[in-house]
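Colleague: What follows is a single structure, and I will ask about it in a moment.
The values are calculated or read from the model by the stated rules, or taken from the named source; none is laboratory data. Please read these numbers as outputs of a predicted model, since none were measured by experiment. Because the Cβ atoms are built from the backbone with ideal geometry, glycine has one as well, and the counts that use them run over all protein chains shown. Heavy atoms of the whole protein, side chains included, go into the accessibility calculation; ligands, DNA and RNA do not. Shrake-Rupley method; radii C 1.70, N 1.55, O 1.52, S 1.80 Å.
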Amino acid sequence: RPGVTKHRSNATKVYVGTGGCAANDILVATGMQGDFLSVVAADNTDITKCRGPFFVADYAAAAGEYTAVALPMKTITGVATNAATGVGDAVYLSTGGDVIVGALPAAITATTEQAFGTLDIRVGRVTKVHATEGAYVLEPGVANGAPLVGRVTRGGTGATMVLTGFTAELEDAPVVCTNSKGSSQYVLGANIASNGKLTITASANTTDTFTYAIFA
């Protein structure tokens, strides 16, 4: 029945791209197949798969199918949510359409110029904390207009961290960066160049963790 827990009446018919999808996967539109959105499992390590538009897979679908599988939101029950501290805790996108409950995605450690690692993309909220009978609501559309947020820990020498994997169209996009640990080291500057590289410069050589947000 529509509108009970799965909101099936609001499903969008899409073309399922490479890899197909499993039930409850976070889906992201990556193009068009004729008049239909082409979707794949979202991934917080791939800039082409983590910027939306996002949906939730109502059921498993094979690659190449045209099917009404893409929901704007869905309640997931009977899952482990005991890593969360309470109702309302965030659920974050992971890789392959999966989610992370009870923690932020791990920060990348930058020893040299390297890929950005993971982005912190909130796709839902916990509604019941339990080891086996937990529940959360997936509503990934809230991330469609959100900034791209990530964390990086300086693991080598020097005060500059360079993260690759962003796109050229983000050149000179507004970037806000702060020291997550609140120590005396602060950010002198953060910007994205035409090659899609994010450069963060701290006030001194540091091993602190920095959080950045790209508004685009």
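Colleague: Using a 1.4 Å probe, what is the accessible area per residue for the stretch 60-190, in Å²?
Modeller: Here the per-residue accessible area is 46 Å².
Colleague: For the chain, what % of the accessible area comes from carbon and sulfur atoms, probe 1.4 Å?
Modeller: 51 percent
Colleague: Tell me which residues come under 5 Å, amide H to amide H, from E65 once H is placed; ignore anything under 5 positions away on its chain.
Modeller: So E65 has HN proximity to V16.
Colleague: Next question, about the same structure. Largest first and to the nearest Å, give the Cα extent of the stretch 21-120 along each principal axis.
Modeller: Answer, in whole Å and largest first: 43, 39, 18 Å.
Colleague: Heavy atoms only, 1.4 Å probe, whole protein assembly: order T95, T132 by accessible area, highest first.
Modeller: T132, T95
Colleague: Using 0.36 nm per residue, how much length does the chain from A23 to L188 gain when fully extended, once their Cα-Cα distance is taken away?
Modeller: Fully extending the segment from A23 to L188 adds 54.9 nm.
Colleague: Next question. With a cut-off of 8 Å between alpha carbons and a minimum separation of six or more residues, what is the relative contact order of the stretch 24-70 in percent?
Modeller: Once divided by the residue count of the stretch 24-70, the mean separation gives 37 percent.
Colleague: So, in nm, how far is label T48 from label R125 when the simple model puts each one 7 Å beyond its Cα toward the Cβ?
Modeller: Taking the two extended label points, one gets 3.5 nm.
Colleague: Turning to a different aspect of this structure: Summing +1 for each Lys or Arg and -1 for each Asp or Glu, what net charge is found among the other residues whose Cβ lies under 10 Å from the Cβ of T67?
Modeller: Net charge around T67: -1.
Colleague: OK, next. Would you kindly derive the ³J(HN,Hα) couplings of the stretch 54-71 from the backbone phi angles with the Karplus curve 6.51 cos²θ - 1.76 cosθ + 1.60 (θ = phi - 60°), listing them in order in whole Hz, with x for Gly and Pro?
Modeller: 9, 9, 10, 6, 6, 7, 6, 9, 8, 4, x, 7, 9, 7, 7, 9, 8, 9
Colleague: Can you give me the relative contact order of the chain as a percent, contacts being Cα pairs under 8 Å and 6 or more apart?
Modeller: 17 percent.
Colleague: For T160 and A80, compute 0.36 nm times the residue count separating them, minus their Cα-Cα distance, and round to one decimal in nm.
Modeller: In short, 24.9 nm is gained.
Colleague: With springs only between Cα atoms under 10 Å apart, run a GNM on the chain and tell me which of P140, P105, P174 wobbles the most.
Modeller: Between P140, P105, P174, it is P174 that shows the largest mean-square fluctuation.
Colleague: Within the stretch 74-183, report the trypsin sites (Lys or Arg not before Pro) that DSSP leaves as loop and that have at most 15 other Cβ atoms within 10 Å.
Modeller: For trypsin sites (Lys or Arg not before Pro) across the stretch 74-183 that sit outside H, G, I, E and B with at most 15 neighbouring Cβ atoms in 10 Å, the list reads K181.
Colleague: Another question about this same structure. Could you tally the net charge around L119, taking each other residue with its Cβ under 11 Å from the Cβ of L119, Lys/Arg +1 and Asp/Glu -1?
Modeller: Around L119, the charge tally is +1.
Colleague: Compare the Cα positions of T160, I100, T207 along the charge dipole of the stretch 60-216 (+1 at Cβ of Lys, Arg; -1 at Cβ of Asp, Glu; about the Cα centre) and return the one farthest towards the positive end.
Modeller: T207
Colleague: Label point 7 Å out from A115 along Cα-to-Cβ: which residues of the stretch 15-59 have amide N under 14 Å?
Modeller: What the label zone holds, given the 14 Å backbone N cut-off, is 43-50.
Colleague: Now for a different question. Return the sequence-ordered ³J(HN,Hα) values of the stretch 22-38 in whole Hz as given by the Karplus equation 6.51 cos²θ - 1.76 cosθ + 1.60 applied to θ = phi - 60°, using x for Gly and Pro.
Modeller: Using θ = phi - 60°, the values come out as 9, 4, 6, 4, 7, 9, 9, 7, 10, x, 10, 10, x, 8, 9, 5, 9 Hz.
Colleague: Taking H as built 1.01 Å from N, whose amide H comes closer than 5 Å to the amide H of G155, not counting residues under 5 places away?
Modeller: A110, T111
Colleague: Right, here's the next one. Give me a comma-separated list of calculated 3J(HN,Hα) values for the stretch 178-186, in order, Karplus coefficients 6.51, -1.76, 1.60 applied at θ = phi - 60°, integers in Hz, x for any Gly or Pro.
Modeller: 9, 7, 5, 8, x, 7, 6, 7, 10
Colleague: Pairs of Cα atoms under 8 Å, at least six residues apart: use those to get the relative contact order of the stretch 53-179, whole percent.
Modeller: Reported relative contact order: 29 percent.
Colleague: Same structure, new question: For T209, put the label point 7 Å out on the Cα→Cβ axis and report which residues of the stretch 139-155 keep their amide N under 20 Å from it.
Modeller: In the stretch 139-155, the label zone of T209 (backbone N under 20 Å from the point 7 Å along Cα→Cβ) covers 147-155.
Colleague: Throw me the Rg/Rh for the chain, computed over C-alpha atoms with Kirkwood Rh, two decimals.
Modeller: Ratio value, two decimals: 1.02.
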